[in-house]
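Some notes on the structure that comes next.
The values are calculated or read from the model by the stated rules, or taken from the named source; none is laboratory data. Keep in mind that this is a model prediction, so the values were computed, not measured. With ideal geometry, Cβ positions are generated from the backbone for all residues, glycine too; neighbour counts draw on all protein chains shown. Keep in mind that these areas ignore ligands, DNA and RNA; they rest on the heavy atoms of the full protein, side chains included. Shrake-Rupley method; radii C 1.70, N 1.55, O 1.52, S 1.80 Å.
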Amino acid sequence: MVKTRSKVRPLAALAAGFALAAVGLVATPTLPEVLDSTQEAHATTTGFWGFNGPGVSANVTDNNSTVTIAGKSASGQWSGAQATTANQMPASGTLNVVMRGNLGQNCEEGACPYGTGSGSTAFTQFRFDDQNFYKVGILDEGYVTWGPMLLIEGTQKGKPFRILEPLVTDAQRANNASMLQKIQAGQPVDLDQQHYVRDYRHLLKAQWTPNYIMFVVDNTRTFGGYLFTAGNKNGPSVTFIGAAKQAGDQVNAVFDMINFSGKVPGSSVFIPAGKPYAMITANVRDTGYGTGHSAYIKFHDDYGSAVSAGIQTAATAPETGGAPWVISGRMQDGIFDYNYIQPSSHDWHNLRIEWWKDSGWAVIWYDGKPIANMKSKLRGRLYFSVEGNAALNGDMVHAFFSGVDVQVGHSEGQDCGVHGDWSANATYGLNARRTGAGSYEVSGVAQGIPKGKDWDTTLVGGTVMTWQYQPENLQPGTCMGASWATGGEKR
C-alpha cells in the first residue's frame, strides 16, 4: 500500500470556529444525451453525458454539482442509469462527493435507503483504461451482503479485488454515541469527533496520481493507494451509477456537492445571479517552516457548516509537492472536504469569498480573479475570521493579514454588518494579535499538541473572529453590495 493521505489543516480549524461561539451494470441505455447542456460548468465541476435504462433515469442539476439516479427497474439483471464526465479528468486530481439514500421520510433516523427489493447499488466509477478501473459506493444484494454494505472494487497492479464493509463501523457507532452523550450533558465535543456518521449519507473522497488511486470514506476510513499497471498515463472518466437488480426493484441515490480539483477540462467559474449575502476579503501572506503552515479567511454558522479559502504550505500534500497553494475548505453539517485549487507563493495575495444565501453557492477570488466555486448551506448568524495554522509540534507559522473587510446581510432583513470588535484566540503556542486597522498577525511555534493529534484533528493556530448583527440587535451596519463580477468595488 502507498501512504498518501495529506495532512490538511482545514478540518480542525473549520470545526474550531464552532467551538469558539460490486456489481457490473448491465444497462439497457437509451441513446446518449447531454445532461444540463445549458448549464455552464465551473471550477471544480464539469459537464456530464447521461444514459438512462428502462424505468431508471439520471438527472444532473444545480450547475453540475448534483446527480440523482432514481426509478423502478423495468428490465432484468442490474439495469439502471448513469452520468459520465464529458471529458477525461486530469492525470492527478481529487473528487469529493456526498452520496446519500433518497427513499423514505425520516433520514435523521436512517430511514432513507438507497433502494428497495432484491437488490440495489449506487457507486462512483473511475475508469483510467481497460486495465485500471475502480468503484466506491453502496451494494445491497440480499443474501450476498445481508443488507447494504460499503463497496470498494477495482484492480491492484492489474489484479482484481473487492472489499465489502459495513456502512458504519463499530468504532464509528461508538463515536456517535460518545458525541450524543457529550451533547446531552452540555460538554464540548472533541474536534476529531465532529463527524456523526449515518447509514444513509457518506462523504466519498477519491485522490489519484499517474501511479495510484486511493479512497477516504467519511474522513475516517482509507482504502489504497491501489497501484496501476505500468504505462498508465490517463486521467479517469468518472461515472455516477445507480441500478436495481430485478424488474420492480427500486433505486434512488443522490450524489451531491460534487467537487473536482486539478485542471478540470472545460470548467469555468460560475457566478450566481443577484447580490451575494456575505463577503470576507483580506490581503494574505503565508510564511513559516516545518511540515505545514497556512493562512486562511473563512466564515461559519452555528450548525456545523463553514466555507474557507487560504494559502497553505504542506510538505506531506501529494497534490502540491510541498509548495504553497490556494486551498478551499468546506464543512456541511459536520462533514468536511477540501480542494487544492492552484499554485500560489509566499508573497502577499488578495483572497475574497462571496456567498449567495438563496442558492448556497460561494465564489473564491484570488488577486482579483474568480478561481473556484463551492456550495454550502449556512444558516442563521454568521461568524467571520482570519487564522494562521501549523501542522505539528515544532512547526512555525507567521501569517499576515491586512485590509481585512467583511460585509453581510441585506437591508430588507435588518441583519447587516458585524460587531466592531474582533476577538483573538490562541492555541498550542500560536498567538494572534491586531497590528493596525484591519490588520492582524498570527505567529509562533506549535508546541504541546497531544500525541496522535495534528491540524487535521485539533485547532493548532491563532484565530481572530467577529460575528454578524441580527435583526433584534437593531444596529446600523454595512449591507452586502454587488459582487465583484457585477461591478462591485475591487479594493
Inset, instruction - Compute the length gained on full extension between E472 and W146: take 0.36 nm times their separation in residues and subtract their Cα-Cα distance, giving the result in nm to one decimal. - result: 112.0 nm
Inset, instruction - Could you tell me whether segment 301-359 comes out rounded, prolate or oblate from its Cα gyration tensor? Rule is a ≥ b ≥ c as square roots of the eigenvalues, rounded for a/c under 1.5, then prolate if a/b exceeds b/c, otherwise oblate. - result: oblate
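Just round it to a whole percent: the fraction of Cα-Cα distances in segment 41-153 exceeding 16 Å. Mind dumping the intermediate values first?
Values: 4203 of 6328 pairs.
Roughly 66 percent, once rounded to a whole number.
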Legend entry - Alpha-carbon radius of gyration plus Dmax, which is the widest Cα pair, for segment 404-458 in Å: 16.5, 50
Legend entry - Of all accessible heavy-atom area on segment 370-435, the percent that carbon and sulfur account for (1.4 Å): 45 percent
Legend entry - the chain - charge dipole about Cα centre, Lys and Arg +1 at Cβ, Asp and Glu -1, debye rounded to 20: 800 debye
Inset, instruction - Taking only protein heavy atoms into account and a 1.4 Å probe, give the accessible area per residue of segment 425-484 in Å². - result: 45 Å²
Legend entry - Debye log10 I(q)/I(0) for the chain, one point scatterer per Cα, at q = 0.06, 0.07, 0.12 Å⁻¹: -0.27, -0.37, -1.09
Legend entry - Centre separation in Å (Cα based) which lies between segment 316-365 and segment 200-241: 21 Å
Inset, instruction - Scan around N259 for amide H atoms under 5 Å from its own, H built in the peptide plane at 1.01 Å from N, and keep only partners 5 or more places away or cross-chain. - result: N96
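Based on the alpha-carbon gyration tensor of segment 285-419 and its eigenvalue square roots a ≥ b ≥ c, which shape applies: rounded if a/c is under 1.5, prolate if not and a/b is larger than b/c, or oblate? Provide the component values of the computation, followed by the final result.
Details: a/c = 1.88, a/b = 1.74, b/c = 1.08.
Prolate, because a/c is 1.5 or more and a/b exceeds b/c.
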Legend entry - Sequence-distant residues sharing a close amide H with V56 (under 5 Å, placed H): A74
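Strictly over 18 Å apart at the Cα level, which of K298/K357; K72/K135; K275/K357; K263/K377 would you flag in this model?
Values: K298/K357 15 Å; K72/K135 23 Å; K275/K357 9 Å; K263/K377 26 Å.
Check vs 18 Å cut-off fails for K72/K135; K263/K377.
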Legend entry - Residues with amide H under 5 Å from that of D415, placed H, sequence gap 5 or more: H410
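Using the Cα centre as the reference, give the magnitude of the dipole from point charges on the C-beta atoms of segment 390-491 (Lys, Arg: +1; Asp, Glu: -1; all else neutral), rounded to the nearest 20 debye.
Working: 6 positive and 10 negative charges, 69 e Å.
Once rounded to the nearest 20, the dipole reads 340 debye.
Listed highest first by mean packing, meaning other Cβ atoms within 10 Å per residue, what order do 448-458, 124-134, 349-359 come in?
Going from most to least packed, we get 349-359, 124-134, 448-458.
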Inset, instruction - Could you please state, rounded to a whole Å, how far the C-alpha centre of segment 434-480 is from the C-alpha centre of segment 110-183? - result: 38 Å
Legend entry - segment 111-246 - percent of accessible surface contributed by carbon and sulfur, probe 1.4 Å: 53 percent
